[in-house]
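Since the structure comes first, as structure tokens, the remarks are kept for the end.
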Amino acid sequence: MLMSGKKTARAHSNIALVKYWGKNQELLNTPAVGSISLTLDNLFTTTSVEFDHALPSDIILFDGSPAPAKVSKRLSAFLDLIRQKANSTLSARVETVNNFPTAAGLASSASGFAALALASVSASGLELSEIELSLLARRGSGSAARSIYGGYSEMNAGQNPDGSDSYAVQLYPESYWDLHMLIAILSEDEKPVGSTEGMNRTRQTSPYYSAWIESSQQDLDDMRDALKRQDFQKVGEITEQSCLKMHSVAMSAHPGIIYWHPETLKIIQLVKQLRKDGIEAYFTIDAGPQVKVLCRAADATTIEKSLSDEPAVSRVISCSAGPGAHLIE
Ligand code: PMV
């Protein structure tokens, strides 16, 4: 194995406009549906990795403290994939820091595994293409495959049994369009049901699962077309519809999975009211209560103020399109 010393990578979180929910193969972490996302500039993870002969086992620091056992296990299992590729048994020292609350539906696993993929590949001396990095990041978290790229990206569900066509590609770079996403934080608690557990339960028990899978192809085609035409209204409408379908299928699992809080609905109503008042804004929600509001740059300040004025909103993180995963000094 060709060691390259300590390497530090930064990857930005992404929020899906057309959502992924459901896995084809859990072991390979291949998604059952494709997805389209926007990478965000102000939410990111910075991760350093160094493989070291002197370490008896991996040491993983998360936001400055030893990572909880569950997190360490997941990250070490991911490092095993790198060790396998590099034909090595060396343990690693990993330090990872998020600039936002972890596991609260802000896609920390997306930025986290994309940063870990790039840092650990570089530290091991391997050289991988963006597609190879995306394939690798997917093994950590499905949405991480999209965070390899800046701007707008699309994840292919893929069909190959070995997962080799299950990766993301960039549709447009961050400079393509001046869209904004405002994240209204309602609660910084960890989500009650992790996305893997939620997806498995949905596949196994929801009577609507096949309708969700079948209808997602049209959403992807329509979103690609709307992005190409820079048709903001259409992009917003598909974004909301995909979000509502994802949450409906999760709620219809048994036991039902409800990520929303009462305040989540309040913010949905606020977004609808903004539209009635002539301000174009559209919501989306992931596996947590936070509401993300998609808007044009020109409306971002007005919408941010409306969101901040809501007592339920503890803070608003304002983002525009962000860059892909990159190494930093
Ligand atoms: O990457 P995962 O396995 O945490 O799944 C993320 C799923 C959603 O965020 C809810 C939707 C998506 O496409 O990002």
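Only the coordinates and a few stated rules stand behind these numbers; no lab work does. Treat the numbers as computed from the prediction; the structure is a model and nothing was measured. Here the Cβ positions follow ideal geometry from the backbone for every residue, glycine too, while neighbour counts run over all protein chains shown.
Site pair residue 87 and residue 6 shows an inter-label distance of 2.9 nm when each label is modelled 7 Å from Cα along Cα→Cβ. In the chain, the longest principal axis of the Cα atoms and the axis of helix 262-276 are about 60 degrees apart. The Cα center of the stretch 176-216 and the Cα center of the stretch 26-45 differ in position by 11 Å.
Take each peptide in 108-121, 46-59, count the other Cβ atoms within 10 Å of every residue, and average; sorted highest first, the result is 108-121, 46-59.
Rg and Dmax over the alpha-carbon atoms of the stretch 89-203 stand at 15.5, 45 Å.
Debye sum, Cα scatterers, the stretch 232-329, no solvent: what log₁₀ I/I(0) at q = 0.19, 0.22, 0.24 1/Å? At q = 0.19, 0.22, 0.24 Å⁻¹ the computed log10 ratios are -0.97, -1.20, -1.34. Each Lys and Arg contributes +1 and each Asp and Glu -1, all at the Cβ; summed about the Cα centre of the chain, the dipole is approximately 440 debye.
A prolate overall shape is assigned to the stretch 1-112, the ratio a/c of its alpha-carbon gyration tensor axes (a ≥ b ≥ c) being 1.5 or greater and a/b exceeding b/c.
The lysines whose alpha-carbon is closer than 17 Å to the alpha-carbon of residue 245, local same-chain residues fewer than 8 away aside, are 19, 23, 234, 292. Quick one: grab the alpha carbon gyration tensor of the stretch 128-188, order the square roots of its eigenvalues as a ≥ b ≥ c, and give me rounded if a/c is under 1.5, else prolate or oblate depending on whether a/b is larger than b/c. Here the stretch 128-188 falls in the oblate category. Lys/Arg Cβ at +1, Asp/Glu Cβ at -1, dipole of the chain taken about the Cα centre: which of 88, 241, 135 is farthest positive-ward? Value computed over the given set: 88. What is the distance in Å between the Cα centres of the stretch 61-127 and the stretch 137-162? Taking the Cα centre of the stretch 137-162 as reference, the centre of the stretch 61-127 is 17 Å away. Taking the longest Cα principal axis of the chain as reference, the axis of helix 209-228 is set at about 80 degrees.
Between helix 195-205 and the chain there is an angle of about 70 degrees, using the helix long axis and the longest principal axis of the Cα atoms.
Restriction of the trypsin sites (Lys or Arg not before Pro) in the stretch 207-244 to DSSP coil positions whose beta-carbon has at most 16 other beta-carbons within 10 angstrom yields 229.
From largest to smallest, the equivalent ellipsoid semi-axes obtained for the chain from the alpha-carbon gyration tensor read 32, 21, 19 Å. For residue 251, project a label point 7 Å along Cα to C-beta. Then give me every residue of the stretch 269-287 with its amide nitrogen under 14 Å of that point. Flagged as within label range: 269, 285-286.
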